[in-house]
């Protein structure tokens, strides 16, 4: 039924998974990226500076995961944003707009009670791989 095999994506340019999951899975031409937070991949700690700094690091981590899979931000078709405080939406959205400037992906944004490492934001996505 599905001739493709799934492959785990690995990169040192994004934080390691905090549990038994992959930072992303490649399946055919698709990349399913797990949620990224504003964690510095070198120190493995949450960046300081509020929602803007966390969102910027979150999306940088996501970009690095996608690039490791042969994709990129321009190839993202769907994101899901998790916020611990919906009052942060406008500031998160301003930084999000620095990373997605055209052909905006579909997006859902939801408020959650808590995120790993007490992050304020987490973002996951689905993208397609670059064509050779």
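Looking at this structure, is residue 45 touching a strand residue (DSSP E or B) at 6+ places or on another chain (Cβ under 8 Å), buried (at least 16 other Cβ atoms within 10 Å of the Cβ) and either at pLDDT below 95 or closer than 22 Å to residue 18 by Cβ (or both)?
Working: touching a strand residue (DSSP E or B) at 6+ places or on another chain (Cβ under 8 Å): yes; buried (at least 16 other Cβ atoms within 10 Å of the Cβ): no; either at pLDDT below 95 or closer than 22 Å to residue 18 by Cβ (or both): yes.
So residue 45 does not fit the description; no.
Do we find a residue being over 14 Å from the mean Cα position of the chain (by Cα) and modelled with pLDDT under 95 anywhere in the stretch 78-98?
Within the stretch 78-98, not a single residue is over 14 Å from the mean Cα position of the chain (by Cα) and modelled with pLDDT under 95.
Restricting attention to the stretch 46-61, which residues are at negative phi and in contact (Cβ under 8 Å) with a residue 40 or more places away in the chain? If you could, list the steps in order and put the result at the bottom.
Residues of the stretch 46-61 at negative phi: 46-48, 51-61.
Within the stretch 46-61, 46, 51, 52, 54, 55, 56, 58, 59, 61 qualify.
Here is a check on your reading of the model: is residue 89 without any contact (Cβ under 8 Å) to a residue 60 or more places away in the chain, within 13 Å of residue 59 (Cα to Cα) and either touching a strand residue (DSSP E or B) at 6+ places or on another chain (Cβ under 8 Å) or surrounded by 14 or more Cβ atoms within 10 Å (Cβ to Cβ) (or both)? Before the answer, list the steps.
On the way: without any contact (Cβ under 8 Å) to a residue 60 or more places away in the chain: yes; within 13 Å of residue 59 (Cα to Cα): no; either touching a strand residue (DSSP E or B) at 6+ places or on another chain (Cβ under 8 Å) or surrounded by 14 or more Cβ atoms within 10 Å (Cβ to Cβ) (or both): yes.
Taking the combined requirement at face value, the residue does not satisfy it.
Kindly establish whether residue 81 is in contact with a helix residue (DSSP H, G or I) (Cβ under 9 Å, 6 or more places away or on another chain), without any contact (Cβ under 8 Å) to a residue 60 or more places away in the chain and within 21 Å of residue 4 (Cα to Cα). Walk me through how you get there before you give the answer.
Working: in contact with a helix residue (DSSP H, G or I) (Cβ under 9 Å, 6 or more places away or on another chain): yes; without any contact (Cβ under 8 Å) to a residue 60 or more places away in the chain: yes; within 21 Å of residue 4 (Cα to Cα): no.
Against the criterion (in contact with a helix residue (DSSP H, G or I) (Cβ under 9 Å, 6 or more places away or on another chain), without any contact (Cβ under 8 Å) to a residue 60 or more places away in the chain and within 21 Å of residue 4 (Cα to Cα)), residue 81 does not qualify.
Out of curiosity, is residue 53 surrounded by fewer than 18 Cβ atoms within 10 Å (Cβ to Cβ), under 15 Å from the mean Cα position of the chain (by Cα) and within 15 Å of residue 120 (Cβ to Cβ)? Break it down stepwise before answering.
Working: surrounded by fewer than 18 Cβ atoms within 10 Å (Cβ to Cβ): yes; under 15 Å from the mean Cα position of the chain (by Cα): yes; within 15 Å of residue 120 (Cβ to Cβ): yes.
Spelling it out, residue 53 is indeed surrounded by fewer than 18 Cβ atoms within 10 Å (Cβ to Cβ), under 15 Å from the mean Cα position of the chain (by Cα) and within 15 Å of residue 120 (Cβ to Cβ).
Among residues belonging to the stretch 10-33 that are over 21 Å from residue 115 (Cβ atoms) and touching a residue at least 60 places away in the same chain (Cβ under 8 Å), point out the one that is farthest from the chain's Cα centre (by Cα).
Step by step, filter the stretch 10-33, then rank; the result is 29.
Within the stretch 92-113, is there a residue that is touching a strand residue (DSSP E or B) at 6+ places or on another chain (Cβ under 8 Å) and under 20 Å from residue 16 (Cα atoms)? Give the derivation first.
Just the residues of the stretch 92-113 that are touching a strand residue (DSSP E or B) at 6+ places or on another chain (Cβ under 8 Å), to begin with: 92, 96, 100, 105-112.
Now narrow it down to the ones that are under 20 Å from residue 16 (Cα atoms): none.
Checked the stretch 92-113: no residue is touching a strand residue (DSSP E or B) at 6+ places or on another chain (Cβ under 8 Å) and under 20 Å from residue 16 (Cα atoms).
Residues that are farther than 29 Å from residue 6 by Cα and either surrounded by fewer than 18 Cβ atoms within 10 Å (Cβ to Cβ) or without any contact (Cβ under 8 Å) to a residue 60 or more places away in the chain (or both): does the stretch 116-123 have at least one?
Yes, because at least one residue in the stretch 116-123 is farther than 29 Å from residue 6 by Cα and either surrounded by fewer than 18 Cβ atoms within 10 Å (Cβ to Cβ) or without any contact (Cβ under 8 Å) to a residue 60 or more places away in the chain (or both).
The values are calculated or read from the model by the stated rules, or taken from the named source; none is laboratory data. All values reported here derive from a predicted model rather than from experimental measurement. As a convention, Cβ positions derive from the backbone with ideal geometry for all residues, glycine included, and neighbour counts pool all protein chains shown.
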